[in-house]
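Enquirer: First, the structure itself, so that you have it in front of you.
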Amino acid sequence: MSDWFRQAANGCITLTLHIQPGAKKSEFAGLHGDALKIRLAAPPVDGKANEALIRFIADALGLAKSAVHLKSGHTSRRKVLEILGTSTTTIAGLADR
């Protein structure tokens with residue numbers, strides 16, 4: 001299993017992400033140490049990047065936004081998300097996009 005995602009005992013999957021806000025387009029950008037790097041088109045102002053991140057991950061996994069929760073890193077580039085309703089196999093494919 002990769003360092004950037006883990007299956008939790010409660011059934012959630014946690015993702016460790018490194019976010020680059022203000023990019024030209026939102027996209028996965030490979031691994032950044034022990035985190036998956038994501039470039040976001042949204043600016044890091046008034047929570048817009050956090051909202052865009054949740055929407056981006058939910059869309060990429062085919063889930064509702066309510067299945068994606070920002071656990072930590074509200075004001076940081078390093079964020080931890082909790083995901084409900086998907087498998088580790090699906091999550092592992094995100095790094096290849």
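Enquirer: Using a Förster distance of 41 angstrom, determine the FRET efficiency expected from the C-beta separation of residue 3 and residue 66, and round it to 0.05. Could the numbers behind the result be given before it?
Expert: On the way: r = 27 Å, r/R0 = 0.65.
Step by step, r from the Cβ atoms, then E = 0.95.
Enquirer: Can you give the translational diffusion coefficient of the chain in µm²/s, computed by Stokes-Einstein from the Kirkwood radius over Cα pairs at 20 °C and 1.002 mPa s? Can you show the working numbers first?
Expert: Numbers: Rh = 13.2 Å.
The Stokes-Einstein estimate is 163 µm²/s.
Enquirer: Excluding residue 69 itself, calculate the net charge of residues whose Cβ lies under 14 Å from the Cβ of residue 69, where each Lys or Arg counts +1 and each Asp or Glu counts -1. List each step's numbers first, then the result.
Expert: Details: positive: 55, 65, 71, 79; negative: 51, 82.
Spelling it out: positives minus negatives among the neighbours equals +2.
A short reminder: the numbers here are calculations on the coordinates, not readings from a lab. Everything numeric in this text was worked out from a predicted model, so none of it was measured. Glycine gets a Cβ as well: all are built from the backbone with ideal geometry, and neighbour counts include every protein chain shown.
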